[in-house]
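Peer 1: My questions will all concern the structure given below.
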Amino acid sequence: MKHSCDFLVIGSGLAGLLSAHKLSALGSVCLLTKKEAAECNSNYAQGGIAAAVGAGDTPESHLADTLKAGAGLCREDIVRLVASEAPARVRELCELGVGFSQKDGAPDLGLEAGHSRRRVLHAGDITGHEVIRALVERCRSDGQVRILENHIAVNLIRDGRGVCCGAYALERATGEVHTFTARATVLATGGAGKVYLYTSNPDVATGDGMAMAWRAGATLANMEFVQFHPTCLYHPRAKSFLISEALRGEGGRLVDRRGRAFMEGYHPAKELAPRDIVARAIDAELKRSGEECVFLDMTHMSAAALRERFPNIYEKCLSFGIDMAAEPIPVVPAAHFFCGGVQTDADAATSIPRLFAVGEAAHTGLHGANRLASNSLLECCVFAHRLCGLLKRRPELWAKPDFAAPQEWNPGRAVQSDEAVVIEQNWDEVRRLMWNYVGIVRSERRLERALNRMQLLNREIEQYYWDFLLTPDLIELRSIAVVATAVIQSAMARRESRGLHYTLDFPEPVDAERKDTMISRYSVPSAAR
């Protein structure tokens, strides 16, 4: 089937929903989401949205904290505009129906690691859920926005000049691949935490937008900087459940099995050190002790106080038999956020005409080598707003195109697969390889082994892709293989340790390496070939 619209938005997290809502003022919008509209990374965000709205706080202070966390790789002009626009974007969310927690008639601001003051607006410990609820309701009530759930994007469509004119997408229920044409296409597909064996991300986070953009020839940037959240719940029945950084902001202490607090030996800020430092500290403690987890001690707070501030986390832990008011919570680090992504400018434009990227799928320059806590939802808001502002100012960027109608999807000689075990095997191998060789601590030898294996896997996956009919699992496997390879090649190209990229062979930052790592299918850094 063929579909056409003015704006095709792929992804239904905060970046996608807000983009769709804003673009609907300019034209018709089709929003594709690979599962249900609310199933996205944003929905699981517990902490909140950072903005200088408290008494005595300023965008300059927010800027300074972001630059410090970014370890010398943030684009200061981008950080400045994001910090400056943050209060207005928060007000806009309130106007759209988001209910942030209040205290004495003012926003109840939380403190998270890396921030010099309380500036994190939250809705209890389910901020993302509240934000997505409000935006989904707004988009569903908008006659200009058409939401197609359970449609997983396969490839971008380009004309003979390289201009993006839409995408192909697989409908889960029928197995049919639909053709979507649009005057402008927005990638809002989120991150790629499922590239790793352990992640805080939901199953949808397979880097589809990054992979599609790479296949189309777009530039990816800083893919080596993967943020590992220090504290995911460690329990055999707990799947990807995050223990928010806000708990450490309220005095939580990291301890070993004997109850020994260990963060003082790693950083003066202890538990409130930047995430990369806390994650490496936990990793070092686990390697030293041989234990499978450490513990987050919140027993200084009463059950009543914990239920009020962290109701969702308290109940979730209780469901696994852990009373966080009486005993420490077992935690481990897990892949959490990609600071790199599809390279964009200050208005979300990529290197491909008529293709834009917002949210975690994009690399804007905001996060540098390490993301400051609660800047990610803010980034979604700011760049969705700037994208709409750009297209409103410059209608020629999405004027009626003169390209010919693209061909419908052609499966060629592909047949129904009777070897689904190949997908399962490769899926597990990619994720385990990335965890063991390209995780929190890296080395040249590990990266070389990972690249050699991934090159073989990519060939095997591509052969399978052309031989058999598409399935959602095959599409996602192809995505994580592309993203994994880009992460490895980018890590090999950075011959220093900076922020989230730590390598045993080059343990210190190097001024000459203080630059972004750019990679595309046509240009791989020489050190990673």
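The values are calculated or read from the model by the stated rules, or taken from the named source; none is laboratory data. The model shown is predicted, which means the values in this text are computed figures rather than measured ones. Glycine gets a Cβ as well: all are built from the backbone with ideal geometry, and neighbour counts include every protein chain shown.
Peer 1: Among residues belonging to the range 48-88 that are touching a strand residue (DSSP E or B) at 6+ places or on another chain (Cβ under 8 Å) and closer than 18 Å to Val382 by Cα, point out the one that is surrounded by the most Cβ atoms within 10 Å (Cβ to Cβ).
Peer 2: Gly48
Peer 1: Related question: What pairs can you find where one residue is in the range 266-285 and without any contact (Cβ under 8 Å) to a residue 12 or more places away in the chain and not assigned by TED's automatic domain parsing to the domain that holds Val441, the other is among the hydroxyl-bearing types (Ser, Thr, Tyr) and surrounded by fewer than 20 Cβ atoms within 10 Å (Cβ to Cβ), and their Cβ atoms are less than 7 Å apart, with a gap of 6+ or different chains?
Peer 2: Correct list of pairs: Ile277/Tyr266.
Condition check ((1) within 26 Å of Leu67 (Cα to Cα); (2) modelled with pLDDT of 90 or more; (3) of a type in the set (Gly, Ala, Ser); (4) over 20 Å from the mean Cα position of the chain (by Cα)) across all residues:
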position: Ser101; (1), (2), (3), (4): no, yes, yes, yes
position: Gly105; (1), (2), (3), (4): no, no, yes, yes
position: Arg117; (1), (2), (3), (4): yes, yes, no, yes
position: Leu121; (1), (2), (3), (4): yes, yes, no, no
position: Ile126; (1), (2), (3), (4): no, no, no, no
position: Leu135; (1), (2), (3), (4): no, yes, no, no
position: Cys139; (1), (2), (3), (4): no, yes, no, yes
position: Arg146; (1), (2), (3), (4): no, yes, no, yes
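Peer 1: Every residue in the range 508-520 that is assigned to a loop (DSSP other than H, G, I, E, B) and either of a type in the set (D, E, K, R) or at pLDDT below 95 (or both), please.
Peer 2: Glu508, Arg514, Lys515, Asp516
Peer 1: Okay, moving on. Taking the condition of being in contact with a Leu (Cβ under 8 Å, 6 or more places away or on another chain) and outside any helix (DSSP H, G or I), how many residues in the range 443-470 meet it?
Peer 2: Adding up the residues that qualify gives 3.
Peer 1: Moving on to the next point. Consider only pairs whose beta carbons are under 6 Å apart and that are at least six residues apart or on different chains; among these, list those whose first residue lies in the range 381-403 and is aromatic (Phe, Trp, Tyr) and whose second residue is assigned to a helix (DSSP H, G or I).
Peer 2: Matching pairs, first to second residue: Trp398/Leu391.
Peer 1: Okay, moving on. Given the criteria aliphatic (A, V, I, L, M), crowded, with 19+ Cβ neighbours inside 10 Å and under 23 Å from Glu285 (Cα atoms), does Leu504 qualify?
Peer 2: Answer is no for this residue.
Peer 1: OK, next. For Ala134, work out the one condition from (1) part of a loop (DSSP other than H, G, I, E, B); (2) without any contact (Cβ under 8 Å) to a residue 60 or more places away in the chain it doesn't fulfil.
Peer 2: Every listed condition holds for Ala134 apart from (1).
Peer 1: Within the range 137-159, work out how many residues are closer than 30 Å to Asp402 by Cα and either part of a helix (DSSP H, G or I) or without any contact (Cβ under 8 Å) to a residue 40 or more places away in the chain (or both).
Peer 2: So the count comes out to 2.
Peer 1: Continuing with this model, one more query. Does Ala238 satisfy being free of Cβ contacts under 8 Å to residues at least 24 places away in the same chain, part of a loop (DSSP other than H, G, I, E, B) and among the small types (Gly, Ala, Ser)?
Peer 2: It is false that Ala238 is free of Cβ contacts under 8 Å to residues at least 24 places away in the same chain, part of a loop (DSSP other than H, G, I, E, B) and among the small types (Gly, Ala, Ser).
Peer 1: Another one. Of the residues that sit in the range 192-224 and are part of a helix (DSSP H, G or I) and over 12 Å from the mean Cα position of the chain (by Cα), which one is surrounded by the fewest Cβ atoms within 10 Å (Cβ to Cβ)?
Peer 2: Of everything passing the filter in the range 192-224, Arg215 is surrounded by the fewest Cβ atoms within 10 Å (Cβ to Cβ).
Peer 1: Which numbered condition in (1) crowded, with 21+ Cβ neighbours inside 10 Å; (2) assigned by TED's automatic domain parsing to the domain that holds His367; (3) at pLDDT 95 or above is the only one that Asn41 fails?
Peer 2: (3)
Peer 1: What number of residues in the range 39-87 are closer than 30 Å to Ala512 by Cβ, touching a helix residue (DSSP H, G or I) at 6+ places or on another chain (Cβ under 7 Å) and small (Gly, Ala, Ser)?
Peer 2: 1
Peer 1: So for the range 303-310 (the condition being among the basic types (Lys, Arg), touching an Asp or Glu at 6+ places or on another chain (Cβ under 8 Å) and touching a residue at least 24 places away in the same chain (Cβ under 8 Å)), does at least one residue qualify?
Peer 2: Taking every residue of the range 303-310 in turn, at least one turns out to be among the basic types (Lys, Arg), touching an Asp or Glu at 6+ places or on another chain (Cβ under 8 Å) and touching a residue at least 24 places away in the same chain (Cβ under 8 Å).
Peer 1: If we scan the range 172-189, do we find a residue that is among the small types (Gly, Ala, Ser), in a loop (DSSP other than H, G, I, E, B), crowded, with 24+ Cβ neighbours inside 10 Å and modelled with pLDDT of 95 or more?
Peer 2: Yes, the range 172-189 has at least one match.
Peer 1: I need a count of the residues in the range 396-441 that are within 24 Å of Ala362 (Cβ to Cβ), modelled with pLDDT of 95 or more and either among the hydroxyl-bearing types (Ser, Thr, Tyr) or out of contact with any Phe, Trp or Tyr (no Cβ under 7 Å at 6 or more places or on another chain) (or both).
Peer 2: 2
Peer 1: Oh, and also: Out of Asn426, Asn452, I need the residue that is more than 25 Å from the chain's Cα centre (by Cα) and either in the same structural domain as His178 (by TED's automatic domain parsing) or polar (S, T, N, Q) (or both). Which one?
Peer 2: One residue alone meets the criteria, Asn452.
Peer 1: Picking from Arg80, Arg89, which residue would you name as being among the charged types (D, E, K, R), without any contact (Cβ under 8 Å) to a residue 40 or more places away in the chain and either closer than 18 Å to Glu250 by Cβ or not assigned by TED's automatic domain parsing to the domain that holds Leu272 (or both)?
Peer 2: Criteria check complete, one pass: Arg80.
Peer 1: Among the residues in the range 93-104, are any under 15 Å from Glu379 (Cβ atoms) and not aliphatic (A, V, I, L, M)?
Peer 2: no
Peer 1: Need a quick list: strands (runs of 3 or more DSSP E) entirely within the range 309-418 having at least 1 residues that are surrounded by fewer than 24 Cβ atoms within 10 Å (Cβ to Cβ).
Peer 2: Ranges flagged: 329-338, 341-343.
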